[in-house]
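To keep things clear, I will list the structure first and then write my remarks on it.
Derivation of every value follows stated rules applied to the coordinates shown; laboratory data play no part. What you are looking at is a predicted structure, and each value in this text was computed from that prediction instead of being measured. Quick reminder, even Gly has a Cβ in these numbers, built from the backbone with ideal geometry, and neighbours come from all protein chains shown.
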Amino acid sequence: MKKQQQAAPPKWATSFLRWYCRPRLLEDLEGDLNEFFDRNVQRKGVRRARLIYVIDVLKFLRPYTIRKIEIFHFFIHWIMIGSYLKTSRRSLVRNKLFSLINIIGLAVSMSVGLLVIAILTDLKSYDGFQEKKDRLYRVITTTTEKGNANEMKLASTSVKIGDRIKEAVPAIEDVTVIRQGLWGDAKVNKGTFPISALYADNSFLKVFSFPLLKGDRNTALKDPYHLVLTEKTSKKLFGDTDPIGKSILIDTTNYVVSGIVQDVPKLSHLTFEALVSFSTADARKIDADLHNWASIWSNYVYVTFPKKTDPESIQPALDRLSKEENKALTARTIFISLQPLKDIVLGGKLSNNIGPAIAPSMIWVLGGLALVVILSACFNYTNLSVARSMRRSREVGIRKIIGAQKSHVLGQFMAESVIIALLALLFSFGLFLVLRNQFMMLDKHMPDLVALDLRFETIFYFLLLAVATGLAAGLLPAVFFSKINALTVMKDASNFKIFRRIGFRKALIVTQFTLSLIFIAATLVGYNQYKGLLSFDLGFKTDNIINIKLKGNKADLLSREITQIPTVKKVSQSMMVTSLGSMYGESFRYKMDSASIWQNRVDEHYLPMHNHKFLAGSNFKLRPEEGKESEIIVNQQTLKHFHIANGDPQKAIGEVVKIAARDLVIVGVVKDFHYGTLENKIEPVVFRYATDVPGGYLNVKVETNNLAATMEGIKSAWQKVDKVHEMDAKFYDDQIEEAYSQFSVMIKIIGFIAFLAICIASLGLFGMVVFTTETKLKEISIRKVLGASEEGLIYLLCKSFLVLLVISALIALPATYLFFDKVVLTRFAYHQPISVVEMLGGAFTVMLLAFLMIGSQTVKAARNNPAKVLKSE
């Protein structure tokens, strides 16, 4: 009985009936059909009643029920569209200057919009080739050290999750575990090639849709010491020979090729040259803590669910699993959650990300900047259209008198704006092609992130943007003109009340120049901060130091070759390059206090070469024997944080601390320096001796007037030691600049937007000045005849525009200062003060540009011969 009360006819059939049926017949016909439907539900059931209802709706589709008048109006509508297009074309040709200003402004602004659309399309397309993309999730980790309230979010997690998650969450369909960390030299026949691979378990090729060209998907990654190559890697190692079953020696281990996968698509967050069976990691015992719950730094777990499974319902089970495993931990807590595959790239940057990731705020910023520029161009269109209202009001009045309705006037002006936007799209597409190349060169990593190729989807969005921009630009003028009273306008257009209200147009001009000034001031402030970051005193010296990545080579061997170059003055070794953002921590304990601490492993030449200042004690004495490390050097913050010797450097010498379960004696205390980037405050840091640390860097101090010759000598020394790998050598100062490249990119983008915004605003101002001077020519001539001076006339014409620019500056400059002082710069523990020059420099430039633009037209108008202007009066 309950089902019968809820039953209703098919909605599509009812909508179809209402679409074709004449209004005077619809009410009775629909009522009868609903009555028959209710009766049939009770007698024949819901399914048959709906079928009969559909048949009845189709049965009444007859000539006497069809909306003949509506069809007639449909054809009239299409005839009117043709009229709109013809009238719009004539208006554009008749007003060439204003049409050109609008088209250029919209074209410039839309080119930025096209670039943002292309970027977003690429980012949204990441991993789109995965067949299970809608039900594929990555397990991410949130960890907190005990005694520290700050959370760390990691893209990586524990291998143990992969072992236990199926037991804890039965709803999961499949699980795969991968791990980073297999880099080495692959030796095949007589060739040696660098190769990087991921450890992946046997479920990898079932969870992910990387097409397997050769081999068995079910067993390719099952046995230890088996690997799967990509097509490109296979050709690099074996040429056109079938590699299945053949051996590859990577470092000292032999692997058997068990499969070939298609090359990884560009828009994939996972990239690899080869996949090695995860069971190999266990067989090689690469990590004693591999399957521990707390080993969360290098492993990644992905899960798939059956269709129609709600992932949110899984979270309580994951929380229970986390709490159960956390009972065995003493130093930290670990909780896991799920991240959809589609959110990996656009979900923000997590620590230990395995692929590219963009912060959502960055997308909002780019989209917001593009929107602001497009709106600025739309303001131009609106402003100029409303300014020309006096001329076009009679045209609208005549159209209304001969029968045009309000909707016809709306359609006319909306069509005109859309046509201008589509014309602008042709120009903006050419600008987009130029911007695309420039954007790809902003950062060396940009080509790896996006392709910006033209696809059908992208082109469709381009057209959609043009139409949307046209509709947005034409909406206000269309509504404005549609409200015109025909009789009032034809009698005396100057009495039409809406023409006397110019506050709206002034507000648009103020808005445009306020945004332009904000962008310019932001660019100048940002550039000064960026330069300040690069020149900031880090607490040690970086000039003329080249950092060479060892890539597995022995530091002593390479150092011996490089020191023979006359221009090389000093050489040292370090585990990492500090102040670039990379950080490496270890557990540290002094008496009862324990916590993680940042560290770098160096040799005895590192601290003197980088001019680290000793406050107490001395440098490392001698290279310790293998496994007999005994000394440690700390910074001031370490003493303060762990209350060592009450913070006194002299008394701290000789104190014993425990780091990574090893007792070490403090032999030196150095002045605080910046281990991380300047976004972070100075923290406790220790130096340990680099004895058994694989990899790392060789630090080379040079003094030369011929840099090219020195670099060539270093390259020759590298090739004597390593003929396989390409040398990776960079100046320390260049690496610091690269560490802050994201700020450089953002400054360039905002600077470019500022340039576009001021160009568009200036175009609009130019159009308004031209129109204003044209409409006031007779007034100017009369004033001149009555004795007004040229200077007075110029002041009269310029005054209102300059007042608007001053108002813009009074709004923009305080807003920019507060935004940087209270929002942006609070991210940085160390930054430059905002100077008056930065704030006023942009405003002065804009004022000068606007004054030249206004002055050129007003001087021309003031110097007109009044006799020529007034001769027809």
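Using DSSP H assignments, which helices in the chain have an axial alpha-carbon span of 27 Å or above and a mean Kyte-Doolittle hydropathy of -1.0 or higher? Working shown, then result.
Numbers: long enough: 23-44 (31 Å, -1.18); 68-94 (39 Å, 0.29); 96-124 (40 Å, 1.77); 360-387 (40 Å, 1.53); 406-440 (48 Å, 1.33); 456-482 (37 Å, 1.83); 503-535 (48 Å, 0.85); 741-775 (51 Å, 1.72); 790-819 (43 Å, 1.73); 836-862 (37 Å, 1.51).
Long hydrophobic helices here: 68-94, 96-124, 360-387, 406-440, 456-482, 503-535, 741-775, 790-819, 836-862.
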Quote to one decimal, in nm, the extra length available between Val745 and His643 on full extension: 0.36 nm per residue of separation minus the C-alpha distance between them. 32.5 nm
Nearest 500 deg cm²/dmol is fine: what mean residue ellipticity at 222 nm does the chain get from its DSSP H runs of n ≥ 4 alone, each adding -39,500 (n - 2.57), divided by its residue count? -17000 deg cm²/dmol
Sorted peptide list for 320-329, 603-612, 505-514, criterion being average Cβ within 10 angstrom, highest first: 505-514, 603-612, 320-329
If you stretched the chain out fully between Ala328 and Glu738, how much longer would it get, using 0.36 nm times the residue separation minus the C-alpha to C-alpha distance? 143.5 nm
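Using the structure shown, list the pairs from Lys132/Lys190; Lys124/Lys323; Lys236/Lys720; Lys483/Lys776 with a Cα-Cα distance above 31 Å, or answer none.
On the way: Lys132/Lys190 41 Å; Lys124/Lys323 35 Å; Lys236/Lys720 24 Å; Lys483/Lys776 26 Å.
Pairs exceeding 31 Å: Lys132/Lys190; Lys124/Lys323.
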Estimated distance in nm for a label pair at Lys554 and Ser313, the labels positioned 7 Å out from Cα along Cα-to-Cβ: 6.2 nm
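What do you get for Rg/Rh of segment 724-825 when both radii come from the Cα atoms and Rh is the Kirkwood radius? Show your work: numbers first, answer last.
Numbers: Rg = 24.5 Å, Rh = 18.7 Å.
So for segment 724-825, dividing Rg by the Kirkwood Rh gives 1.31.
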Mind jotting down the distance between the C-alpha centroids of segment 620-668 and segment 327-344, whole Å? 34 Å
Mean Cα-pair separation over length for segment 133-343, i.e. relative contact order, pairs under 8 Å, 6 or more apart, %: 36 percent
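Report the gain in length on full extension from Lys531 to Ile653: 0.36 nm times residue separation, minus Cα-Cα distance, nm rounded to one decimal. Don't skip to the end; give the middle numbers.
Values: separation 122, 0.36 × 122 = 43.92 nm, distance 3.81 nm.
Residue separation times 0.36 nm, minus the Cα-Cα distance, leaves 40.1 nm.
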Using only the Cα atoms of segment 133-343, what semi-axes does the equivalent ellipsoid have when each is the square root of 5 times a gyration tensor eigenvalue? Give whole Å, largest first. 33, 20, 14
Evaluate the distance, in nm, between pseudo-label points positioned 7 Å from the Cα of Ala815 and of Glu712 along their respective Cα→Cβ axes. 5.7 nm
Find the relative contact order for the chain and round it to a whole percent, using C-alpha pairs within less than 8 Å whose residues are 6+ positions apart. 13 percent
Burial-style ranking of 635-645, 412-422, 303-313, average other-beta-carbon count within 10 Å with highest first, yields 412-422, 635-645, 303-313
Taking only Cα atoms of the chain, what ratio of Rg to Rh do you get with Rh as the Kirkwood inverse-distance radius? 1.07
At 7 Å along Cα-to-Cβ for each site, give me the label-to-label distance between Asn218 and Leu123 in nm. 4.2 nm
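How many percent of the alpha carbon pairs in segment 545-739 exceed a separation of 20 Å?
Counting pairs separated by more than 20 Å, the tail of P(r) holds 57 percent.
Could you sort 359-370, 661-672 so that the peptide with the highest average Cβ count within 10 Å comes first and the rest follow in order? It would help to have the intermediate numbers written out before the result.
Working: 359-370: 15.0, 661-672: 17.6.
Most protected by this proxy first, the peptides run 661-672, 359-370.
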Run the reach check for Lys822 against lysines, Cα to Cα strictly under 24 Å, same-chain hits fewer than 8 apart removed. What comes back? Lys349, Lys531, Lys681, Lys748
So what are the radius of gyration and Dmax for the Cα set of segment 288-440, in Å? 28.6, 90
